[in-house]
Amino acid sequence: MDNAFINIGDEYGKENMKSKVKEISNTLGRSGRWTIILLLIILLGSLFASLIQNDFGNVEITAHKFDTRDDQVVAYDLYRPDGVDTENKAPLIIVVAGFQRSPRENSRACRP
């Protein structure tokens, strides 16, 4: 049973692994390799963006919806930092998506 598994540390295991990688690489071709590389970059970028959005796990993000007039539904995300409760309060910031949502317009809205 011990001989059924390849020991990566021995020479046979290394050579076998190299030959398998070359075989897969030759099968995929140049465009296939680029496709896999770019998909990995997209996945890693998405993971990193998600970590930044929730402050590396320090912010809980929950999706909510509420009904408006004319049977329309507005979806929003609630960002709640860790440690916020009825005793440890934090300010609420509301940003509404829609017409002319730009950094300049948002900065005007945030002035005291």
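The values are calculated or read from the model by the stated rules, or taken from the named source; none is laboratory data. This is a predicted model, so every value here is computed, not measured. Methodologically, a virtual Cβ is constructed for each residue, glycine included, from the backbone with ideal geometry; neighbour enumeration extends over all protein chains shown.
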Every residue from segment 42-64 that is outside any helix (DSSP H, G or I) and among the β-branched types (Val, Ile, Thr): 59, 61, 62
Test: residue 22 is basic (Lys, Arg), surrounded by 10 or more Cβ atoms within 10 Å (Cβ to Cβ) and either part of a strand (DSSP E or B) or at pLDDT below 85 (or both): yes
Residue within segment 61-73 that is under 19 Å from the mean Cα position of the chain (by Cα), surrounded by 12 or more Cβ atoms within 10 Å (Cβ to Cβ) and of a type in the set (Val, Ile, Thr) present: yes
